[in-house]
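Since the structure comes first, as structure tokens, the remarks are kept for the end.
Readers should treat all values here as calculations from the given coordinates under stated rules, not as data from a laboratory. Source: prediction; values computed, not measured. Here Cβ is always computed from backbone atoms with ideal geometry, including for glycine, and neighbour counts include all displayed protein chains.
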Amino acid sequence: MTTAAPAPLPLPSDTAGWTAFVTDRPAERRARVGAIDARLSAADDLPTLERLELWNDADLALGESLAQAHLVSESHPDAEIRHLAEGQVQELDALQAGRLLDRDLWRAFADADADGLGDEERRLLDRIRRDFRRGGVDLDDAARERVRQLTERDTELSLTFSRNIREGRREIRVPVDALAGLPQDFVAEHPADDDGLVTLSTDYTDLMPVREYARDRATRHALVGAYNDLAWPENEPVLTELLEVRAELAQLLGFTDWADYEADTRMIGSGAAIPEFLSRVDEASAPATSGEYARVLERLQRDDPAASEVTIADFWYVLGALKREEYDVDAQAVRSYFPFPRVLDGVLDVTGRLLDVAYVEVDAPSWHGDVRTFDVVRGEERLGRIHLDLHPRDGKYNHAACFGLVPGVRGRTLPEAVLLCNFSRGLLEHDEVVTFFHEFGHLVHDILGGDQRWVRFTGIETEWDFVEAPSQLLEEWAWDPEVLATFARNEAGEPIPADLVARMRTADAFGRALEVRRQLGHATTSYRLHVDRPADLAAATEEYYSRTSPVQPLPGSHSYAGFGHLTGYGACYYTYQWSLVIARDLLTDFGDDLMNPEVARRYRTEILERGGSRDAVDLVQAFLGRATRFDAYRDWLAGA
Ligand SMILES: [Zn+2]
């Protein structure tokens, strides 16, 4: 039972408090790590278990500080505080990398006797040793110094890359009639200015409706084009150097390339296995692709007879039109059932029932007045705390993601995690509802997996290519008629009709292969950029995308400059399809009843609550009673 209390946060208006939160507090944690390292370096007579416990103490101090600095750098409304937080990320990353290059520290674990350790302790020792080797501790002095420099540069470039995206918001101005096709509430929220023009921004709350509904092709192209050039040209030299730094680092550490370095600790196992996996996805999605594309192109040409190809700026609009006309699914009618407050209540209620927890809203300070904080409880026991920061604002992270705040350690710290999303405050698109469930999948994984002895294995600290399985699994709940009927209601209070949801599901299967090929384009780009390091990023990226998908990128665009996953996911964007193969397989056990209490309990206890304490392959085996298979994913791609 966790008796730990949540970490107190300053009030939004408390600038001094937030400044201290991202300066004094991590400085104190760094000092704590320094003291621990001094003890470990002189550890000759310390039993191995004590060494592991000291290392864990340092992991907790570092992990907590890094999570908090990352979160604040992406979310705080005050640019100066975001900047201070970035400085802390830099210092903490450097400290972490430096520790793995420290020969004295290394000796404390290289020489440690594993006799008498339990399985999990042995696994931890093994992981620590692996981290040291991957950190470069075996290299000579000159090479270790170079690793140190390159690692620091990677952090610095990654922070700059993310900042340019976060602060790269763009606007276009269009005549009023360019909004033809957009929902009434959207038009009402976008009045014309004195020049008779309407401003549209690259924020999701504008981008997504325009992509989906704007009948005017030029408007769609203009806004998607602006979005594709987010952080360009600023990020062009940043990315070029980042790819060089990573390649040199990987080679110094004994790997062929950065993909190989990253894949080494993941389920996939090696860099070379990434293109092999992507070609399996290619084969599985190939049969449906050409038929889907022919229908999409034909529909586009009905609006615009001169169109010779479907671009990424047409894709969602044309899919939406086909779904309305041929599957009787009108996205505007669908969204009327998803007012934001109902969706929030629904996500909390559904995941609460599924995972046998309740969410109790608490009045606690945070970084912004929009943030809502809930304790996650079961009976009398508090399991963790979540913070939901769900609407856009200037300078905030502009996608949707789950961030850690406090790593959970049994009896010591209560796990806390945060969602940063950019939802409308009014009606949500069904896509956004799916995103909400997806991100909640990460959130509950982090909280329920947060009752661990070792920080190294807490929450979402599994192999990184497993991490999107719990989130993509939970997306399915946003497609279930019975689940949706519990919360999706329109203004008149009528629940979403089951036959509409059934048509949505049928319609969703159409375009699935094209969507998977779009994902394949991202995965190919993330992998090839890191392996090929092309001199001309724009030309190479255009080629990766145009080769993998018949839906074409906008010519002359620079989407790589705004491809935020290139920092955190690096060469491994394949993770999404890899995890999806697993998620589709895990879903087979739920059968027709997503709320089946026995399966839900098994999912919670065998997968979520284990965190990273077991290898992902064993988590899957324990839940399914067998190894994972590709079949369910292939069936799903075929429209099943
Ligand atoms: Zn995710």
Computed, not fitted: 222 nm per-residue ellipticity of the chain from DSSP H runs ≥ 4 (each -39500 (n - 2.57)), nearest 500, equal to -18000 deg cm²/dmol
Long-range alpha-carbon pairs in the stretch 169-282, meaning those over 18 Å apart, account in percent for 65
Computed over the chain: longest principal axis from alpha-carbon atoms vs helix 512-532 long axis, angle to nearest 10 degrees, is 40
Rounded to the nearest whole number, the per residue volume of the convex hull around the C-alpha atoms of the stretch 85-237 in Å³ is 182
Taking only the alpha carbons of the stretch 306-357, the radius of gyration and the largest Cα-Cα distance, Dmax, both in angstrom, are 17.0, 55
Cα-based Rg then Dmax for the stretch 429-588, in Å, read 18.6, 57
For the stretch 143-189 the translational diffusion coefficient, Stokes-Einstein from a Kirkwood Rh over Cα pairs at 37 °C and viscosity 0.692 mPa s, in µm²/s, is roughly 224
Note on the stretch 387-510: the mean projected area of its alpha-carbon convex hull, in nm², is 9.6
Of all DSSP beta bridges with both partners in the chain, the antiparallel percent, nearest 5, is 80
Semi-axes a, b, c in Å (a largest) for the stretch 345-447, each sqrt of 5 times a Cα gyration tensor eigenvalue, come to 22, 16, 12
All alpha-carbon distances of the stretch 577-640, grouped into 5 Å bins from 0, give the whole-percent distribution 4, 18, 27, 26, 17, 7, 1, 0
Sorted largest first, the Cα spans of the chain on the principal axes come out in Å as 79, 57, 53
Volume per residue (Å³) of the convex hull spanned by the alpha carbons of the stretch 1-132 is 120
Highest mean packing first, using Cβ neighbours within 10 angstrom, the peptides 282-292, 259-269 sort as 259-269, 282-292
Cα convex hull volume per residue for the stretch 228-307, in Å³, equals 149
